[in-house]
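First up is the structure itself, then whatever we jot down about it.
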């Protein structure tokens, strides 16, 4: 039964991506979404709360919440802190046509 909501969300996203303005924003925030998802995965894999992750990274919990929301692209300083604190590699390829993000642990 879990496949149905995912299918509906996928179809909804496909429809919304036809809108040029929505597509631009979706592409602009690709890095933010990738980082947010990776932080949520890291916390789940390590049994950490947002507060515990914030302490590990010497950050505040609201900053972790904002990163996990994936609405705003993190700064290079923030990516550096995450990489060094969590052992995550960030590989970002930016060209005029696209932004590609690869994250590895």
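The values are calculated or read from the model by the stated rules, or taken from the named source; none is laboratory data. Just so it is clear, the model here is predicted, and its values are computed rather than measured. Using ideal geometry, Cβ is built from the backbone for each residue, glycine included, and neighbour counts are taken over all protein chains shown.
Would you check which residues across region 61-71 are at pLDDT 95 or above and not in a helix (DSSP H, G or I) and list them?
None - no residue of region 61-71 is at pLDDT 95 or above and not in a helix (DSSP H, G or I), so the list stays empty.
What pairs come up if the first residue lies in region 27-50 and is at positive phi and in contact (Cβ under 8 Å) with a residue 40 or more places away in the chain, the second is surrounded by fewer than 19 Cβ atoms within 10 Å (Cβ to Cβ) and part of a helix (DSSP H, G or I), and their beta carbons are under 7 Å apart, counting only those six or more places apart or on different chains?
none
How many of the residues in region 1-16 are in a loop (DSSP other than H, G, I, E, B) and either under 20 Å from residue 73 (Cβ atoms) or modelled with pLDDT of 95 or more (or both)?
0
Of all residues in region 17-60, count the ones that are assigned to a helix (DSSP H, G or I), more than 17 Å from residue 80 (Cβ to Cβ) and out of contact with any helix residue (DSSP H, G or I) (no Cβ under 7 Å at 6 or more places or on another chain).
17
Looking only at region 81-99, count every residue that is surrounded by fewer than 13 Cβ atoms within 10 Å (Cβ to Cβ) and either touching a residue at least 24 places away in the same chain (Cβ under 8 Å) or in contact with a strand residue (DSSP E or B) (Cβ under 6 Å, 6 or more places away or on another chain) (or both) and tell me the total.
Going through region 81-99 one residue at a time, the tally reaches 4.
Filter region 70-80 for residues that are out of contact with any helix residue (DSSP H, G or I) (no Cβ under 6 Å at 6 or more places or on another chain) and surrounded by 13 or more Cβ atoms within 10 Å (Cβ to Cβ); which is nearest to residue 31 (Cα to Cα)?
79
Has region 36-51 got any residue that is surrounded by 14 or more Cβ atoms within 10 Å (Cβ to Cβ), at pLDDT 85 or above and in contact with a strand residue (DSSP E or B) (Cβ under 8 Å, 6 or more places away or on another chain)? Quick ask: steps written out before the conclusion?
First pass over region 36-51, keeping only residues surrounded by 14 or more Cβ atoms within 10 Å (Cβ to Cβ): 36, 38-40, 42-43, 48, 50.
The next check asks that each one be at pLDDT 85 or above; those that pass are 36, 38-40, 42-43, 48, 50.
Next cut, in contact with a strand residue (DSSP E or B) (Cβ under 8 Å, 6 or more places away or on another chain) only: 38.
So far as region 36-51 goes, yes, one or more of its residues are surrounded by 14 or more Cβ atoms within 10 Å (Cβ to Cβ), at pLDDT 85 or above and in contact with a strand residue (DSSP E or B) (Cβ under 8 Å, 6 or more places away or on another chain).
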